[in-house]
């Protein structure tokens, strides 16, 4: 079978041009067939799957493809900025078969301890506190002051991270996803924070997910525990931050409304669903490697060659009526949560956090509007995410101090950190 005509040079998925117009890049890539060559960083090439059916086939095919990157990684410079995202670690993301099942069971069982109604109440409480901090000013940055800080609180609370280390976690995760020159340093700092946490909980267990992972029947050693936690944090914090930010932007620019969040035609659920379909916060990932030389959707592949799935591009190629079992149909059949054995295990907590964050903001601030033209918004560069640098807004100032104090007094909680209830 003749392979589709490929572009003469891989198309770069890094830098400001890609960040400013990813959909234009995806259109050019789709013109060359279901797989097309891309460049993730200088000297680091991959094949990007842009077709929906090909993406689903890849995500489900554990016989032809492996998730273990070590053969590919041996061909990549040790200082490559993509290795903090793609380099091997003993986690569920980079393993297959029984090893994957062992890690995945520990992650699934840990996340299952989070009580949804308690989580919703805690997210709502923190959301009100964050909004109160800038509500009286009449303006704010909904990324730095809200969308980034809300998931941070959740992860710090879940895992028992010392509050003073929260910013190191955010910076470490953000540096990984940016895949710039400082990516390795950012990831190393994230690992250092979690390593210290795991060592402390090994000696002094508490009522948090770190302690539970250490006590899980999977019998994870300290390094395995560190790596599962950094995986959960990196897969949960940055994408959830971006989901909140992208959905708020979508609501602010929805043509069915007048550019205000309050009382608009689009609900938080609709905005989130449309963003996951059209502009997912995790745009390109799901690295796979052929176990042997093979042909896939008409393209010859070499053993160990890097393939990535473009959730953002593939969603635009969804065949009518095709859906992943268990995730719905039609517009809800998007691949933003991935598919197959490595589909996202934290879909429900992430949705709950994002929904609650948006609902709290729209209920507390009545007339939020963008403070810059849409064309003036900047997006973080990097091949893996779709993430705003800032989301500046303006609104009528409101003093929320009395109302927030009244709510928290009635809830019996303080303004400081509190623990999400974790069922034993």
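Would you order 122, 167 from fewest to most other beta-carbon atoms within 10 Å of each residue's own beta-carbon?
The order, fewest Cβ neighbours first, is 167, 122.
Relative to the longest principal axis of the C-alpha atoms of the chain, give the angle of the C-alpha long axis of helix 401-411, reported between 0 and 90° and rounded to the nearest 10°.
Tilt relative to the chain: about 80 degrees.
Between residue 9 and residue 144, what is 0.36 nm times their sequence separation minus the Cα-Cα distance? Round to one decimal in nm.
44.9 nm
Just the number, please: percent antiparallel of the DSSP beta bridges in the chain, rounded to the nearest 5.
Around 80 percent antiparallel, to the nearest 5.
Just to be sure I understand: with springs between alpha-carbon atoms less than 10 Å apart, which residue in 133, 19, 286 has the highest mean-square fluctuation in the Gaussian network model of the chain?
Most flexible of the set in this elastic network: 133.
Determine the calculated [θ] at 222 nm for the chain from helices alone, applying -39500 (n - 2.57) to every DSSP H run no shorter than 4 residues and normalising by the residue count; nearest 500 deg cm²/dmol.
Helices in the chain give a 222 nm mean residue ellipticity of -14000 deg cm²/dmol.
If you line up the long axis of helix 268-278 against the longest principal axis of the chain, both from Cα atoms, how many degrees apart are they, to the nearest 10?
That helix lies at roughly 20 degrees to the long axis.
Expected output is a single nm value to one decimal: the length gained when fully extending between residue 181 and residue 167, i.e. 0.36 nm times separation in residues minus the C-alpha distance. What is it?
Full extension of this stretch gives 3.1 nm more.
Quick one, which of [x] 20.4; [y] 24.6; [z] 19.3 is the actual mean projected area of the Cα convex hull in nm² calculated for this model?
This structure yields the entry labelled [x].
For a quick check: sort 78, 359 by the number of other beta carbons within 10 angstrom, fewest at the front. Display every interim value, and only then the final one.
Working: 78 8, 359 17.
So the ranking, lowest neighbour count to highest, is 78, 359.
Between region 345-399 and region 272-311, how many Å separate their Cα centres?
Centre-to-centre (Cα) distance: 28 Å.
Do you know the relative contact order of region 137-256, to the nearest whole percent, from alpha carbon pairs under 8 angstrom that are 6+ apart?
With pairs under 8 Å counted, the relative contact order is 30 percent.
Normalised by the residues of region 134-189, what does the relative contact order come to in percent, with Cα pairs under 8 Å and at least six apart?
21 percent
Ranked by Cβ crowding within 10 angstrom, fewest neighbours first, how are 49, 194 ordered?
If I rank by nearby Cβ atoms, fewest first, I get 194, 49.
Between helix 183-203 and the chain, what is the angle of the helix's C-alpha long axis to the longest principal axis, kept within 0 to 90° and rounded to the nearest 10?
Once rounded, one gets 60 degrees.
Each label point is 7 Å from the Cα along the Cα-to-Cβ direction; what then is the distance between the points at residue 99 and residue 120, in nm?
4.0 nm
Using Cα pairs under 8 angstrom and six or more residues apart, how large is the relative contact order of the chain, in percent?
Dividing the mean separation by the residue count of the chain yields 26 percent.
Provide the gained length on full extension for the span residue 377 to residue 71, in nm with one decimal, where the gain is 0.36 nm per separating residue minus the Cα-Cα distance.
Taking 0.36 nm per residue and subtracting the Cα distance, the gain is 106.2 nm.
Since every read-out is calculated from the coordinates, none of them should be taken as a lab result. The structure displayed is predicted, hence computed values, not measured ones. In this analysis, Cβ positions are derived from the backbone assuming ideal geometry, glycine residues included, and neighbour counts consider all displayed protein chains.
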